[in-house]
Amino acid sequence: MNRRFTTAVRDPIWKHIYLTEPLFEASRSEPFTRLSRIRQLGPTEILYPGATHTRASHSYGVYHVAKRLLEKLVERGAGEWITEEGTCSYLAAALFHDLGHFPYTHSLKELSLNGSPLKEHETLTAECILREPLYSLTGKTGADPRQVAAIIDASVHTDDGETLFFRRLLSGVLDPDKLDYLNRDAFFCGVPYGTQDTDYILSRLIPDRERGVVIDSPAVMSVESILFSKYLMYRSVYWHRQVRIATAMMKKALYSGLSEGVFTQEELYNQDDAGIFSLIQTCRFTGKKVALNLHERRLYHVVYETPFNGAESGVFRSAESAAQRQLENLDTRSIHEAELAELFSRAMGTELDKTDILIDIPEEISFESDLWVTDEKKTFSRSSTIFREDIIEQFTRSLRILRIAVSPDIGSKIDHRKLAEICNMRYTIR
C-alpha cells in the first residue's frame, strides 16, 4: 500500500483513522453522509441512551480495521497475489460497505410486496457505487468501482481470484465489520460484552489465497471470544425485549403501508431515520398509528413469550412448532394478528383490531464458524474448541423468542394473564 494516508478522522474507538485524500473526499459525498443520519442500532437508544452512534462512524471503523488487517496479511505473504488497484478496491469496499443499508436497523429486512422482497442492502450498495457521483469518486481513489461492487455484493458473479480473496476478508468469522461493530456497540451501550482483543486477533491471522484467512490453534480462543460476544450482545442489546418490540413496531407499520399501496419499495430505499418517519406521516394507512406510538416511545406491552421453533435437527416435534414456523411469513403473521385481535376482544369484552396486536419473531441468524485451523487440519467447529456445531446451534435457538404484545392504548387496561392463556393454547410447544 504505497498511497499516502494523510487525512485523519478522529474516532472514539480507534482514535486516528487515516485515509487518502480521495477516499476522504468520497466520504463527504451525499451517499456516504446519508449514513450519518442513520443510527447504527436504530431504536436501541430507548434502552441504552448512549447508543446514538451512526452507520457512518461504523463505516470508518470497518475501513480502519480492514486496512490494519491487510497490512498484517501483506507482511505474511498476501502481497504475492494482490495488486495495487485491488488493494484500493478493497479499502473502498470496506469504507462503503453499508452505503445501501436501510434505516432503523433491520426493521425492513423481511418486508416484501406481492412475494417480492426488498433488495438486499449489499445489492443497493453495489448499485450506488456503480452510479454517479460514487463511480467517479471511487475511481479517483485508485480503485476499480466494478471490483468494489463485486467485493461487497456476493450475488455478483466473479471468477477473479483477487476479488474473491478480498470478499472473504470483508465477510467472514473474523471480518473487519464484526470486529468494529462488537467493540463499537459495546462501547456506546456501556456494556462489556462485545469488547475484543483486536490487536491479538490481527496478529494471529494467516493469509490464504483460497480461503481468505486461516488460523492456528492459539487463535482458536479469539474465535471463541467473537462467538460468545456476539451471543451476549444479541441477548443483552440487539434482541433485548424492548428493542425487539420497537423494531417490530416499525416493521408492522411499514408492512401495512406497503400492503395498502400507500408507498412503494423504491420509496424505502436510500431513506434515513428521519426520512422514514416523514414518509409515514405524509401517508394515510392502517398501521400509521403503530409508527406514531413508536415515535413517541409508547411501546407495545408484551403479554406472552415462548421459545420459537421447537425444531430439533430440522424435524418438527409437534403441530405447534409447525404453526410457529408459519409465522415467519409476514402475510401469515398479519392474519394471526387479526385472529388474535378477535379472540382477545371476545375474552376481554374490549374491541381490538389487528393494529393492537403485534407478533414478533427474530429472523434467523448464523454464528459463522468455518475458519480453517491449519495445524489441526480441521474447521474451527471440529477443532480443539468447546464450540462444537451443536453448541453453536443452541446459541441460535436460545436467542429466538416468539413474543406477542398489545398496543399501549389497551396494555394497562386488560388482564395480561388471560391473554397469555389464549396465546399459550396456540403457540406453546408441548
Test: residue in the range 80-99 that is in contact with a strand residue (DSSP E or B) (Cβ under 7 Å, 6 or more places away or on another chain) and not in a helix (DSSP H, G or I): no
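For every residue, the table says whether it meets (1) modelled with pLDDT of 95 or more; (2) β-branched (Val, Ile, Thr); (3) more than 15 Å from the chain's Cα centre (by Cα).
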site	(1), (2), (3)
105	no, yes, no
116	no, no, yes
120	no, no, no
126	yes, no, yes
129	yes, yes, yes
132	yes, no, yes
148	yes, yes, yes
157	no, no, yes
Residues that are of a type in the set (Gly, Ala, Ser), within 26 Å of residue 294 (Cβ to Cβ) and in contact with a Ser or Thr (Cβ under 9 Å, 6 or more places away or on another chain), drawn from the range 320-373: 334, 341
Complete set of residues in the range 349-378 that are touching a helix residue (DSSP H, G or I) at 6+ places or on another chain (Cβ under 7 Å), farther than 30 Å from residue 215 by Cβ and part of a loop (DSSP other than H, G, I, E, B): 350, 351, 352, 353
Flag if residue 279 is touching an Asp or Glu at 6+ places or on another chain (Cβ under 7 Å) and either free of Cβ contacts under 8 Å to residues at least 24 places away in the same chain or within 23 Å of residue 36 (Cα to Cα) (or both): yes
Residues of the range 184-202 satisfying the condition of being assigned to a loop (DSSP other than H, G, I, E, B) and not acidic (Asp, Glu): 190, 191, 192, 193, 194, 195, 196
Output for the range 1-59, where each listed residue is surrounded by 14 or more Cβ atoms within 10 Å (Cβ to Cβ), basic (Lys, Arg) and not in a helix (DSSP H, G or I): 3, 39
Single match in 168, 146 (criterion: in the same structural domain as residue 24 (by TED's automatic domain parsing) and either part of a loop (DSSP other than H, G, I, E, B) or closer than 28 Å to residue 365 by Cβ (or both)): 168
Which listed residue is crowded, with 19+ Cβ neighbours inside 10 Å, touching a residue at least 60 places away in the same chain (Cβ under 8 Å) and assigned to a strand (DSSP E or B), from 302, 290: 302
Subset of the range 251-276 [among the charged types (D, E, K, R) and free of Cβ contacts under 8 Å to residues at least 60 places away in the same chain]: 260, 266, 267
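Which of the following residues is closer than 24 Å to residue 359 by Cβ, assigned to a helix (DSSP H, G or I), of a type in the set (Ser, Thr, Tyr) and more than 20 Å from the chain's Cα centre (by Cα): 222, 278, 256, 236?
On the way: 222 fails: closer than 24 Å to residue 359 by Cβ; 278 fails: closer than 24 Å to residue 359 by Cβ; 236 fails: more than 20 Å from the chain's Cα centre (by Cα).
Result: 256 is the single residue among 222, 278, 256, 236 that is closer than 24 Å to residue 359 by Cβ, assigned to a helix (DSSP H, G or I), of a type in the set (Ser, Thr, Tyr) and more than 20 Å from the chain's Cα centre (by Cα).
Only one of 257, 275 is surrounded by fewer than 18 Cβ atoms within 10 Å (Cβ to Cβ) and either within 30 Å of residue 30 (Cβ to Cβ) or of a type in the set (Ser, Thr, Tyr) (or both). Can you tell me which? Can you show your working first?
Numbers: 257 fails: surrounded by fewer than 18 Cβ atoms within 10 Å (Cβ to Cβ).
One residue alone meets the criteria, 275.
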Criterion: among the acidic types (Asp, Glu) and either touching a residue at least 40 places away in the same chain (Cβ under 8 Å) or within 19 Å of residue 164 (Cβ to Cβ) (or both) - qualifying residue of 120, 75: 120
Residues located in the range 130-149, provided they are in contact (Cβ under 8 Å) with a residue 12 or more places away in the chain and farther than 19 Å from residue 162 by Cα: 130, 133, 134, 137, 140
Selection within the range 395-430 - of a type in the set (A, V, I, L, M, F, W, C), under 17 Å from residue 249 (Cβ atoms) and part of a helix (DSSP H, G or I): 410
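Tell me which residues, restricted to the range 208-219, are outside any helix (DSSP H, G or I) and in contact (Cβ under 8 Å) with a residue 60 or more places away in the chain. Explain how you work it out, then say what you get.
Filtering the range 208-219 for residues outside any helix (DSSP H, G or I) gives 208-216.
Those that are outside any helix (DSSP H, G or I) and in contact (Cβ under 8 Å) with a residue 60 or more places away in the chain: 208, 209, 211, 213, 214, 215, 216.
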Selected residue (criterion: nearest to residue 233 (Cα to Cα)) from residues of the range 164-221 that are of a type in the set (Phe, Trp, Tyr) and buried (at least 19 other Cβ atoms within 10 Å of the Cβ): 181
Contacts under 6 angstrom Cβ, first residue in the range 393-422 being assigned by TED's automatic domain parsing to the domain that holds residue 326, partner part of a helix (DSSP H, G or I) and hydrophobic (A, V, I, L, M, F, W, C), 6 or more apart: 404/423; 405/245; 414/348; 418/347; 419/344; 422/343
Residue ID - farthest from residue 50 (Cα to Cα), chosen from residues in the range 192-208 that are in contact with a helix residue (DSSP H, G or I) (Cβ under 6 Å, 6 or more places away or on another chain) and of a type outside the set (Phe, Trp, Tyr): 207
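The values are calculated or read from the model by the stated rules, or taken from the named source; none is laboratory data. Quick caveat, the model's predicted, so the values are computed rather than measured. Every residue, glycine as well, gets a Cβ built from its backbone with ideal geometry; the counts of neighbours run over all protein chains shown.
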